[in-house]
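Novice: Below is one structure. I have some questions about it.
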Amino acid sequence: MGDATAFSSMDEFCGSTFWDANETWWTTDPDFTPCFEQTVLVWAPCAFFWLFMLFDFWYLKASLDKNIPWNRLNISKLLINVGLLVVTALDLIMSFVKKGGDSELPLYGVDIWTPIIKLLTFLMVLMFIPLNRKYGVQTSGCQFMFWFLLTIFSIPRCRTEARLHQERGQIIGSQQAEPHDFTWETYQFASFFIFFAFTCLMLILNCFADQLPRQTKYYRGPKEIPELSASFLSRITYSWFDRMALKGYRNPLEEKDLWDLRPQDSCKEVMPTFAHYWNKNVRKNYKRASGGQEPKAQFSNGKVSFENPQSNGRKKGMASIMPPIYRSFGGIFLFGSFFKLITDILTFAQPQVLSLIIGYVEDFAKVPQPEWKGIMYSILLFVLASAQTFILAQYFHRMFIVGLRIRTALINCIYRKALRISNAARKASTVGEIVNLMAVDAQRFMDLTTYLNMLWSAPLQIALALYFLWQQLGPSVLAGLAVMIIMIPLNGFIASRIKTYQIRQMKYKDERVKLMNEVLSGIKVLKLYAWEPSFEKQVLDIRDKEIATLRATAYLNASTSFLWSCAPFLVSLVTFATYVLIDENNVLDAKKTFVSLSLFNILRFPLTMLPMLITNLVQTQVSVQRINKFLNSEELDPNNVQHDASKPHPMSIENGHFSWGDEDEMTLKNINMQVPKNNLVAIVGTVGSGKSSVIQALLGEMEKISGTVNTVGKMAYVPQQAWIQNATVRDNILFGKPYDRKRYNKVIDACALRTDIEILSAGDLTEVGEKGINLSGGQKQRISLARAVYHNADLYLLDDPLSAVDSHVGKHIFEEVIGPKGMLAKKTRVLVTHGITFLPQTDKIYVMKMGEISENGTYAELLKNRGAFADFLMQHLQEGEEEEEELNQIKRQLSQTDPALVAPFEKAILLARTESLSDSISVTSADSLMGGSLRRRGKRQDSYDSNASAASLKKKQEVEGKLIETEKSQTGGVDFAVYKHYIKSVGIFLSVATLVLNFVFQAFQIGSNLWLTQWSNDKAVEHDTGLRNMYLGVYGAFGFGQGTLSGLVVLFPALGGLRAAQLLHELILRRMLYAPLQFFDTTPVGRIISRFSKDIQVVELYLPFMIINCVCLAFEVLATIVVISISTPIFLAVIVPIGFIYYFAQRFYVATSRQLMRLESVSRSPIYSHFGETVTGVSTIRAYTVQDRFIEESDNKVDKNQVCKYPSLIANRWLAVRLEMVGNLIILFASLFAVLGGQTNPGLVGLSVSYALQVTQTLNWLVRMSSDIETNIVSVERIKEYGETKQEAAWELEEDKKKPKNWPEDGRVEFKDFQVRYREGLELVLRGVSFNISGGQKVGIVGRTGAGKSSLTLALFRIIESAGGKILIDGIDIATMGLHMLRSRLTIIPQDPVLFSGSLRSNLDPFEVKTDDEIWKALELSHLKAFAKSLTAGLNHEISEGGENLSVGQRQLVCLARALLRKTKVLVLDEATAAVDLETDDLIQKTIRSEFRECTVLTIAHRLNTILDSDKVIVLDKGQITEFDAPSALLADPKSAFFSMAKDANLV
C-alpha cells in the first residue's frame, strides 16, 4: 500500500503514470514511463554528484600543486558546461511559457523541479572547473562518474523520444481532421537531444586529464610518475602503467627506467605529519614537569624533530606508535575500507543473480520467459563482477599506500631515535636486533594493512552469507554452521602447534646463521688451523634439528589442509543432508543447490582468513611492543655537556662523576681537568684505568652523575677503534665536507696516507668494504685521523690514534699533525696515548689510575713527584721500547729536573738491554711509511700495481677501486637448468606424485559436483527416500576422497621441498668451507650469509607452498574450462582468444614484476646496512654533529627503495584488473551461452556459472603464484651459483695414510725456487725464493711492506698455491699431501686474534681431543690461568661473538694457548704486537722462547729487536731473497740491507 501512495503522489507530480509494471517488466518489449525517465533517471546521477562532491573538495585541499594553465581541454569543458546551463535554463523558461496559466497544457511539478535540480548541479560542476584549475587538480573521479551515469541513464529517454517523434510524424502525415499543436513536444525533443549530445561530449572530455600545473611544491621532472597526471579512467584501469609493462617486457628494467616517487609518499611529506602526532602523543604520556609551551612538530628546512619521551618530566606510560599511526594515515585507510564495504556487498549480489539465471533456465522448459531477461541477467552478472574488480583494485592500492607510508614513518622514526639513544640503552640490544626493528617489525605493518579490514569484513561476510543461506535452506544451515564452528578451534589448535614449531625453527635458524656468520668471519683462522670439519659438524647438527621441526610442520600443514578442504565440503554435505532429512517435502532443486554452493564458496574465504589474521595481529602486536620499547628507551642527556663560552678554558670537567648508565657502577670519580686553549694535553695510564672514558665524558656519551662538563667550539673525535664507512677512502676523509684539493693533499701527507693511497688500486676512490674490511688496522686508524684533521674543528679528542701504527709512522704523524709543529698546533687537543716518547712535548699530562686522576702536571713536574708517573715511565723503559736519541733526551731531561733519578734510570736501561740484545723501534725507513704491521692482507698486494698511480685513468680507477664485486641482480628469465636442478633435488618420484595427486583431486571435485547436478535434476527423488539416501551416500564418499587427497597434495611437495633444501644446504655449506681464501676477500660476508639464511629459507618454506598452490590452481582452471564446456560446448570457441589475452597479460607482468622485485630487494639492503653502520658509529656521528646529514642519507635510501617498491605494487594491481576482466568475460560468456543456447538442464547451467564465478580469483592467483615461483626460484639459482665456486685442493688424500704418523719430526723447511701469485693474471709476489732451514732453527723474516713476507707464510699453509717451485718439510713436498694433513701439523699464531662464540674450551680445542690438564697447562703457560680461574664457569666460560667479552690482549693470549696445545714442530709467528700493550707482548715473547725451544720458528718481524737473537734472518725485497744469514753476520756488513734497516731503527 505504501508503494501505491508513493506512486500516486509521483503520478500527480508528473501528470502521468510513474511506474507501469506491464510496460516495463511483463512484456517482450520493455520500456520506462516518461515520468520515470524525467525524474528518477535524472535525479539519481545528480544525487550521486552532490553526495560524492565532498571528496572533490578534499582533493582540492590536499593538492600540492597550483595553477593549471588554460588549455583546449578545460576551455571546451567550460563552454560545453555553459551550453548545458543555457539549455536547462531554456527548459525552465519554456515550461513557464508553454504550460500553465492560460495555455491548455497544465504545468506539473516535474517541469519546474527537474530543470532546477539540473541547473544547480551543472552550476556546481562549472564552479569546479576554475577551482580545479587553480588548485592544480588534474582529474576528478566524481565528475567522471556523474557524466557517465547521466549519459547511461539518458539512453532510455532517447529511445522514448525517438519513438514519440516517429508517432507524431505518423499523426501529422495521416491527414486527420483536427490539427494538433505539437510545439511543446517538438521543443522537448530538440532540447533533449542537444542536452544528450552535450552530456556525451562532457563524458568524453572527462576521460582525459588536464595539463601539468605551473606551480608545484616538488619538482616534477621528465621522470615523474604518469599516475600524477593520469585521468580518472586511466587510474582505475591502471592503463598509465602500460608503458612500464611494455618496457619491462622488451628488455629487463633497470633503475634508470623507474619513475620518481610520488611526492605524497616521500619521507619529506610523510614524516612531518607523523612527527607532529608522535610528539603530541609523547606530551600526553609524559606529564610536563614545567608547564611550558607546546612546541609544534618543526619542519624547518627539511628537518623533522621527534620529541624525546624521557626529557618531558614524569612518565605516565609508554608512548605508543599506534595513535600517531591512526591519526596520520587513518584517513586513506577509512576511504579504502569504504571501498571494501562496497565490494563485500557486490560479492553477495552475484549468487542472487545466479538464482535468477537458473530460474530462467528452469522456466525455459515450461513457460519461457522473454529472451531479453536472460541477456539482462548475464550482463548484470558481468557488470557486478567488473565493478567489483575496479573497486577492489582501488582498495588494495589504497591499503598498500598506507602500508608503505607506515613503513617509511617507522623506519625514519627508528633511525632518528638510534642517533640519540643512550649508550646503556644501546648495549641492551645488539646491533642486529636494532636493525631487525627496521627490517622485520616495520615490514610487518606493511604486510598487515591489506588484511586489517578483514576484522570487520569477515564477520560481515559470514553474517550475510548465513542470511542468504537461511533464505535458501532454512534452519538446516545451522548444522553446516556448527561444523564450521567446530573446525575453528581444531584449526586453532593445529595453528598453535605450528606456531611453536615455527618459533623453534626460527631459533635454530638464528643459531645456525650466527654460527655461519662467525665461521665466515673467521674463515682464515679455520683454514690455517684446519678446523673446518669441527665447525661443519656443528652447523649440520643445528641444521638437523631445524629440518626435524620443519618436517613436523609439514605434516601439521597437511592436516590443516585436509581439514580446510574438507570443511566447505563437509559443511555443504551436512547442510544438504540435514535439509533433505528434516522433512520429506524438502527437495533439492538446481536453484537451491547451486545458489547455496556459491554462497558456501564465499564463506570459505573469510573463515580461512580470520585465524590467519588473528595470528598476524598477534605478531604485529609483538612488533609494536618492540618498536615502542626502543622508541621509549633512554636518550643521551643533551645537558651532559654544557657549552658555556664564559668559562676560561675551551674544555673542562669539574668534580665529574660518570658511569656507563649503570647507576651503581661508577667508572670515573672526582675528575677535574682543564684544557687551556691551543694546548696539547695527554692522558696516560695503564690498560683499563679509564683513559678512553674521560674522552667519552667530554663527548657527553657517558651518564653524568654529578659535576659539570663544558666544551666550547666544534669537535672532532678519533675513536680508539676506527669507524670506517662503506664508501670510498676520499668520502671517509671528507665526511660530508666539500673537497678542497690543497687542504686534502696536505692532510693526506701529514697522516702518512700517501703511500697507502698509491698502492690502492683506484687511489683514494677505492671503495672500502663493510667495516673497513680491506684496510689494515693502521690504515683505518690513519683515515680516521685524517677525517678529524680535514674537519678543521676547534677541539680535538684523540683516543690513542697511534696505537695501531708503526712507531716511525707514529712519530711522523705526531710531528706533522698532533705535536707543537703539526697541523693541529693551533687547536685544543686531548691525546690518550700509550707511547711515552711524545710526552715531553705535551703541555700537560694527566695520569689515570682506577678511574681517578692520580696526578697531573707537566712532564718535568710529574717526574719530580716520583709518583705514579715515574713508576709508569720505569715500567715502560724496562720493556726497552725507546729509540737511542729518545733515551738520551729523557736522560737529559732527567738530569735537568731531578739528578737523583738518573741512576735508577740507567739501571733500568741496562736491565732492558741485557734482556734483548738491543732495543729499538721498527724496521723500515721513510719510504715504507706504510707500516709493516699493516699490510697483512693479500688483498693489498694483489692490487699492488707498481705503475698504477695517479697516472692511470680515472675511469679505470673507479672500476678497479670496487673491491667488492657488486651483487649481481640477475636479469631476464631463469634458466630451465635451475628448475631441473630443483626438481632433481626434490626427487622425481615426489614431483610426479604431486601432479598425479592433483589430477585425481580435481577429478573427485568435478565428480562430486556433477553428481549434485544429477541429484538436483532427478525428479524421482521426491518420492523415493532410498534413491535419495543413495545420492547422499555417494556424495559423502566423493567428499571424503577429496579431503584425503588434499592432505597428500600438500604433504608431498612440502616433503620434497625439505629434501631439496637439505641437499642444497649441504652442498653450499661444503662448497663454502672448501672455497679458497681469495673468494672470501672479494665476497662480503653478508652476501654469503644471505644465501644461508634468506635463500635457504625461501627454498624450504616458500617454494613448496607456492608450487603446491600453483599446481592446484592450474588444475582448477582446467577443471573450470572442462565443466563450462560440458554444459555449453560453444564456450570452447571463446576460450582461445581469452587464453591469448591471459597469456599476454601474464608474460608482460612476469617480466616486469620479476625485475621490479629484484631491484626492490637490491635497494632494500642499503637501508639496513646504512642503519647498522650508523648504530656502530653513532658516537663518532654525534661527536662531529652530522646527524642531519645521516638522517638525510637514510631518508634518501628509503625513498629510493620506495621508487622500486611502488611500481611493483602497481604492477600487481595492473595485472589484477586485466586478469579479472578476463575472468569476468568468462562469466559473461558462460552465462550468455547458457541463456541463449536454449539449455534446458538447470543443474548444469548452475554448475558452469558457479564455476565461472570462482575463476577470476583462481586466474589471478595462478599468475601471482607462477610469477612468485619465478621470482623465488632465483634463490635456488643463487645457491646453485655459490655451490659452483672454485674449490681448494683436497683436504684428505689416500697417500696421507702412508706418510709418517708424527711428521714433521725435525721441522726442516726448504723452499726450492718457489714462486706464487695471489690470483690468475696478477704479477708474481714471490719470484723464485730458495732457502733451507734446519730443524729447530729460529728464523726472522724482514722486509718492506709488500715484499712478500705474509705471502711466504700463506704459501707454507697452501692458502695460496704455488705457481712454480716447491716447498719441502722434512723432505716431503707439501703439494703432495691433503690440506688438512699439512695444516694440522703446522702451527701459526696469526696477527689478528679471532675467537668464536662458545666456551673457552671449544676455542682452544674444537675437536675435544685434549684433556683438562693439558688445557690448564697451556693456559698457565700463556698467562691466562689466573684469569680462567677467576671465571665462575672456568673452561666453560661463554665467549661472546668475536670474543667481545675479552680484552684484545687476552684474545691474543688465547691464540698463544691454542698454539701451545697443538705444539707442532713448525711454528709461524705473524708478529702481532700492534694491537697488544707492551706487557702482553713481553709475556708472549718469553713464552715462545721457553716453550718452543725445540721447534722451527719462523717470525715475520715488524720490530727488529724481536729477531736480533734469532739464528738466521731472511731479508725479502720485491718477492726475492736478498740476504739470508745470521743477524750478527749481516750487521757486521755495513753494505747489507739489514744493516741499513737497523741503522734506520737506531740499532747500530
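Novice: Looking only at residues that are outside any helix (DSSP H, G or I) and open to solvent by 20 Å² or more (accessible area, probe 1.4 Å) in segment 868-882, which one is modelled with the lowest pLDDT? Outline the logic, then answer.
Specialist: Pass one, segment 868-882, residues outside any helix (DSSP H, G or I): 879-882.
Then drop every residue that is not open to solvent by 20 Å² or more (accessible area, probe 1.4 Å), which leaves 879, 881.
Numbers: E879: 54, E881: 49.
Across segment 868-882, the extreme among qualifying residues is E881.
Novice: So which pairs qualify, if the first residue must be in segment 1406-1418 and at negative phi and in contact (Cβ under 8 Å) with a residue 24 or more places away in the chain, the second must be of a type in the set (S, T, Y) and surrounded by 15 or more Cβ atoms within 10 Å (Cβ to Cβ), the Cβ gap must be under 6 Å, and the two must be at least 6 apart or on different chains?
Specialist: Sorted first by the residue in segment 1406-1418, then by its partner, the pairs are P1406/S534; F1407/S534.
Novice: Further, regarding this structure: Considering only segment 1048-1057, how many residues are surrounded by fewer than 21 Cβ atoms within 10 Å (Cβ to Cβ) and either closer than 13 Å to V1276 by Cβ or in contact with a Lys or Arg (Cβ under 9 Å, 6 or more places away or on another chain) (or both)?
Specialist: Residues flagged as surrounded by fewer than 21 Cβ atoms within 10 Å (Cβ to Cβ) and either closer than 13 Å to V1276 by Cβ or in contact with a Lys or Arg (Cβ under 9 Å, 6 or more places away or on another chain) (or both) within segment 1048-1057 amount to 1.
Novice: Here are F594, F562, F600, F569: which of them is more than 29 Å from G359 (Cβ to Cβ), over 31 Å from the mean Cα position of the chain (by Cα) and either of a type in the set (A, V, I, L, M, F, W, C) or open to solvent by 10 Å² or more (accessible area, probe 1.4 Å) (or both)? Break it down stepwise before answering.
Specialist: Details: F594 fails: more than 29 Å from G359 (Cβ to Cβ); F600 fails: more than 29 Å from G359 (Cβ to Cβ); F569 fails: more than 29 Å from G359 (Cβ to Cβ).
Exactly one residue qualifies, and that residue is F562.
Novice: Follow-up question, since we're still on this one. Just checking, does segment 98-109 include any residue being open to solvent by less than 40 Å² (accessible area, probe 1.4 Å), assigned to a helix (DSSP H, G or I) and within 29 Å of E185 (Cβ to Cβ)?
Specialist: Yes: one or more hits.
Novice: Within segment 425-432, is there a residue that is touching an Asp or Glu at 6+ places or on another chain (Cβ under 8 Å) and either under 30 Å from L631 (Cβ atoms) or open to solvent by 80 Å² or more (accessible area, probe 1.4 Å) (or both)? Step through it out loud before you land on a result.
Specialist: Just the residues of segment 425-432 that are touching an Asp or Glu at 6+ places or on another chain (Cβ under 8 Å), to begin with: 425.
Filter once more, so that each one left must be either under 30 Å from L631 (Cβ atoms) or open to solvent by 80 Å² or more (accessible area, probe 1.4 Å) (or both): 425.
For segment 425-432, residues touching an Asp or Glu at 6+ places or on another chain (Cβ under 8 Å) and either under 30 Å from L631 (Cβ atoms) or open to solvent by 80 Å² or more (accessible area, probe 1.4 Å) (or both): present.
Novice: When you check D756 against the structure, is it part of a helix (DSSP H, G or I), open to solvent by less than 10 Å² (accessible area, probe 1.4 Å), of a type in the set (D, E, K, R) and touching a residue at least 12 places away in the same chain (Cβ under 8 Å), yes or no? Step through it out loud before you land on a result.
Specialist: Values: part of a helix (DSSP H, G or I): yes; open to solvent by less than 10 Å² (accessible area, probe 1.4 Å): yes; of a type in the set (D, E, K, R): yes; touching a residue at least 12 places away in the same chain (Cβ under 8 Å): yes.
It is true that D756 is part of a helix (DSSP H, G or I), open to solvent by less than 10 Å² (accessible area, probe 1.4 Å), of a type in the set (D, E, K, R) and touching a residue at least 12 places away in the same chain (Cβ under 8 Å).
Novice: Do we have any residue at all in segment 1439-1446 that's in a helix (DSSP H, G or I) and in contact with a strand residue (DSSP E or B) (Cβ under 6 Å, 6 or more places away or on another chain)? Before the answer, list the steps.
Specialist: Kept after step one, since they are in a helix (DSSP H, G or I), are these residues of segment 1439-1446: 1441-1443.
Within this subset, residues satisfying the condition of being in contact with a strand residue (DSSP E or B) (Cβ under 6 Å, 6 or more places away or on another chain) are none.
No, segment 1439-1446 contains no residue that is in a helix (DSSP H, G or I) and in contact with a strand residue (DSSP E or B) (Cβ under 6 Å, 6 or more places away or on another chain).
Novice: Please work out if S476 is surrounded by fewer than 21 Cβ atoms within 10 Å (Cβ to Cβ), over 30 Å from K1197 (Cα atoms) and of a type in the set (S, T, Y). Before you say what the answer is, go through the steps one by one.
Specialist: On the way: surrounded by fewer than 21 Cβ atoms within 10 Å (Cβ to Cβ): no; over 30 Å from K1197 (Cα atoms): yes; of a type in the set (S, T, Y): yes.
So S476 does not fit the description; no.
Novice: Quick check, is V1111 open to solvent by less than 10 Å² (accessible area, probe 1.4 Å), of a type in the set (A, V, I, L, M, F, W, C) and either part of a helix (DSSP H, G or I) or farther than 30 Å from E532 by Cβ (or both)? Full working, then the answer.
Specialist: Values: open to solvent by less than 10 Å² (accessible area, probe 1.4 Å): no; of a type in the set (A, V, I, L, M, F, W, C): yes; either part of a helix (DSSP H, G or I) or farther than 30 Å from E532 by Cβ (or both): yes.
When the stated conditions are applied, V1111 does not pass them.
Novice: Another question, then. Mind listing just one residue for me: the one in segment 433-465 that is closer than 17 Å to I325 by Cα and of a type in the set (S, T, Y) and, of those, surrounded by the most Cβ atoms within 10 Å (Cβ to Cβ)? Explain how you work it out, then say what you get.
Specialist: To start, the set of residues in segment 433-465 that are closer than 17 Å to I325 by Cα comprises 437-438, 441-453.
So of that shortlist, the ones also of a type in the set (S, T, Y) come out as 449-451.
Numbers: T449: 24, T450: 16, Y451: 16.
Here the answer is T449.
Novice: Now for a separate question. Checking the condition in contact with a strand residue (DSSP E or B) (Cβ under 9 Å, 6 or more places away or on another chain) and either of a type in the set (K, R) or over 30 Å from A425 (Cβ atoms) (or both), which residue from T755, T766, T667 passes? First the steps, then the outcome.
Specialist: On the way: T755 fails: in contact with a strand residue (DSSP E or B) (Cβ under 9 Å, 6 or more places away or on another chain); T667 fails: either of a type in the set (K, R) or over 30 Å from A425 (Cβ atoms) (or both).
Going through T755, T766, T667 in turn, the sole match is T766.
Novice: Hey, among I129, I204, which residue is under 30 Å from P263 (Cα atoms), out of contact with any Pro (no Cβ under 9 Å at 6 or more places or on another chain), open to solvent by 30 Å² or more (accessible area, probe 1.4 Å) and among the β-branched types (V, I, T)? Give the steps one after another, and end with the answer.
Specialist: Working: I129 fails: open to solvent by 30 Å² or more (accessible area, probe 1.4 Å).
Checking each option against the conditions leaves just I204.
Novice: Tell me which residues, restricted to segment 823-852, are outside any strand (DSSP E or B), open to solvent by 10 Å² or more (accessible area, probe 1.4 Å) and either free of Cβ contacts under 8 Å to residues at least 60 places away in the same chain or more than 18 Å from A697 (Cα to Cα) (or both). Break it down into steps so the answer makes sense when it comes.
Specialist: First, pick out the residues of segment 823-852 that are outside any strand (DSSP E or B): 823-827, 833-843, 850-851.
Pick out the ones that are also open to solvent by 10 Å² or more (accessible area, probe 1.4 Å) and you get 823, 825-827, 834-835, 837-838, 840-843, 850.
M823, A825, K826, K827, H834, G835, T837, F838, P840, Q841, T842, D843 - these are the residues of segment 823-852 that are outside any strand (DSSP E or B), open to solvent by 10 Å² or more (accessible area, probe 1.4 Å) and either free of Cβ contacts under 8 Å to residues at least 60 places away in the same chain or more than 18 Å from A697 (Cα to Cα) (or both).
Novice: Oh, and also: Looking at (1) of a type outside the set (K, R); (2) out of contact with any strand residue (DSSP E or B) (no Cβ under 6 Å at 6 or more places or on another chain); (3) surrounded by 20 or more Cβ atoms within 10 Å (Cβ to Cβ); (4) modelled with pLDDT of 85 or more, find the lone condition where L1253 falls short.
Specialist: Every condition holds for L1253 apart from (4).
Novice: So is N655 surrounded by fewer than 23 Cβ atoms within 10 Å (Cβ to Cβ) and assigned to a strand (DSSP E or B) or not? Walk me through how you get there before you give the answer.
Specialist: On the way: surrounded by fewer than 23 Cβ atoms within 10 Å (Cβ to Cβ): yes; assigned to a strand (DSSP E or B): yes.
Answer is yes for this residue.
Novice: Now for a separate question. Could we say that F1314 is crowded, with 21+ Cβ neighbours inside 10 Å, part of a loop (DSSP other than H, G, I, E, B) and among the aromatic types (F, W, Y) here? Don't jump to the end; show me each part of the working.
Specialist: Working: crowded, with 21+ Cβ neighbours inside 10 Å: yes; part of a loop (DSSP other than H, G, I, E, B): no; among the aromatic types (F, W, Y): yes.
No: the conditions fail for F1314.
Novice: In this structure, does L79 turn out to be at pLDDT 90 or above and hydrophobic (A, V, I, L, M, F, W, C)? Spell out the reasoning first.
Specialist: Numbers: at pLDDT 90 or above: yes; hydrophobic (A, V, I, L, M, F, W, C): yes.
Against the criterion (at pLDDT 90 or above and hydrophobic (A, V, I, L, M, F, W, C)), L79 qualifies.
Novice: Consider I1369 carefully, then state whether it is in contact with a strand residue (DSSP E or B) (Cβ under 7 Å, 6 or more places away or on another chain) and either at pLDDT 85 or above or open to solvent by 20 Å² or more (accessible area, probe 1.4 Å) (or both). Full working, then the answer.
Specialist: Values: in contact with a strand residue (DSSP E or B) (Cβ under 7 Å, 6 or more places away or on another chain): yes; either at pLDDT 85 or above or open to solvent by 20 Å² or more (accessible area, probe 1.4 Å) (or both): yes.
In short, yes.
Novice: For the subset of segment 1232-1247 comprising residues that are farther than 11 Å from I357 by Cβ and in a loop (DSSP other than H, G, I, E, B), which member is most open to solvent (accessible area, probe 1.4 Å)?
Specialist: Quick first cut of segment 1232-1247, residues farther than 11 Å from I357 by Cβ only: 1233, 1236-1238, 1240-1241, 1243-1244, 1247.
Pick out the ones that are also in a loop (DSSP other than H, G, I, E, B) and you get 1237-1238, 1240-1241.
Values: G1237: 61, G1238: 30, T1240: 84, N1241: 45 Å².
Across segment 1232-1247, the extreme among qualifying residues is T1240.
So that you can scan it fast, the table gives a plain yes or no per residue for (1) open to solvent by less than 60 Å² (accessible area, probe 1.4 Å); (2) of a type outside the set (A, V, I, L, M):
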{"site": "A6", "(1), (2)": "yes, no"}
{"site": "W26", "(1), (2)": "no, yes"}
{"site": "D31", "(1), (2)": "yes, yes"}
{"site": "F48", "(1), (2)": "yes, yes"}
{"site": "L73", "(1), (2)": "yes, no"}
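Novice: If the requirement is being within 35 Å of the chain's Cα centre (by Cα), part of a helix (DSSP H, G or I) and buried (at least 23 other Cβ atoms within 10 Å of the Cβ), which of these qualifies: I411, I391, I357?
Specialist: I411
Novice: Here's something else I'd like to know. Just to be sure I understand the filter: pairs with C-beta atoms under 7 Å, separated by 6 or more residues or on different chains, first member in segment 366-383 and in contact (Cβ under 8 Å) with a residue 24 or more places away in the chain, second member loosely packed, with under 15 Cβ neighbours inside 10 Å and in a loop (DSSP other than H, G, I, E, B). Which pairs pass?
Specialist: Taking only residues 6 or more apart or on different chains, the pairs are P370/T28; W372/P30.
Novice: Going by the structure shown, is T1128 of a type in the set (S, T, Y) and under 30 Å from A1290 (Cα atoms)? Before the answer, list the steps.
Specialist: Working: of a type in the set (S, T, Y): yes; under 30 Å from A1290 (Cα atoms): no.
No: the conditions fail for T1128.
Novice: What are the pairs, 6+ residues apart or on separate chains, where a residue within segment 509-528 that is of a type in the set (F, W, Y) has its Cβ under 8 Å from a residue that is surrounded by 22 or more Cβ atoms within 10 Å (Cβ to Cβ)?
Specialist: none
Novice: From the list R1264, R1327, R1319, which residue is closer than 30 Å to Y1102 by Cα and either assigned to a loop (DSSP other than H, G, I, E, B) or among the basic types (K, R) (or both)?
Specialist: On the way: R1327 fails: closer than 30 Å to Y1102 by Cα; R1319 fails: closer than 30 Å to Y1102 by Cα.
Only one candidate qualifies: R1264.
Novice: May I pose another question? If R1451 satisfies every condition in (1) modelled with pLDDT under 85; (2) part of a strand (DSSP E or B); (3) of a type outside the set (S, T, N, Q) but one, which is the exception?
Specialist: So R1451 meets the others, but not (2).
The values are calculated or read from the model by the stated rules, or taken from the named source; none is laboratory data. Predicted, not measured: the structure shown is a model, and the values here were computed from it. Because the Cβ atoms are built from the backbone with ideal geometry, glycine has one as well, and the counts that use them run over all protein chains shown. Note: accessible area is taken over every heavy atom of the protein model, side chains too, but ligands, DNA and RNA are not part of it. Shrake-Rupley method; radii C 1.70, N 1.55, O 1.52, S 1.80 Å.
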